[in-house]
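Worksheet for the structure shown next.
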Amino acid sequence: MKRTIIISIVVVLIVAGSIAGTLFALGQLPGQGPDSTPPADDPDAVAPPPPADPGATTYVSLDPPFTVSFPDSEVAQYLQFNLDVAVQVKGAEEAIKIHGPAIRNGLVMLLSGQHAQDLQSREGKERLRIQIRDEIRDTLSRLTGKPSVVEVFFTSFLMQ
């Protein structure tokens, strides 16, 4: 009987510790949230920036997926990926849809100059992601007068 009680207490403590650890890691404990402010007596503390309005960001998928071939590569023969574009400017989603062919053309030109070995590392993929973002911004700036794009995200990335 004592053994059962001890085991039950240990299990409860483990579960409570697990929950507390998860909340701590996610920043959900009291005093850790986005609206928490540093103590007034701490001169080195900096108040966190106000949270962005999550409703202001819209994601636009550029469909169909992009496919690039690497005919002379020993690393991979082709790359296929899906891309989502984050915008926060009103009307930017419609501009991306209207100017989709021009955006895709610019990206195809950018992608045709890529090498498979450069895209194997995380850094190479990140570099490509930034180049894609800048290309879309440049195309939209040229066509609409507004860059409109906040960020781009790979939603799939396959090299074979």
Residue-wise, which Karplus ³J(HN,Hα) couplings in Hz belong to the stretch 110-120, taking 6.51 cos²θ - 1.76 cosθ + 1.60, θ = phi - 60°, and x for glycine or proline?
-> 4, 5, 5, x, 8, 10, 4, 5, 6, 9, 6
Order by protection proxy (mean Cβ within 10 Å, highest first), peptides 72-79, 85-92 = 85-92, 72-79
How far apart, in nm, are the 7 Å Cα→Cβ label points at residue 18 and residue 88?
-> 3.8 nm
Pop the C-beta distance of residue 57 and residue 10 into the FRET formula with R0 = 45 Å and round what comes out to the nearest 0.05.
-> 0.50
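Here, each number is a calculation from the coordinates, and none is a lab measurement. Computed from a prediction, not measured in an experiment: that's the story for all the values here. Glycine also receives a Cβ, built like all others from the backbone with ideal geometry; neighbour counts cover every protein chain displayed.
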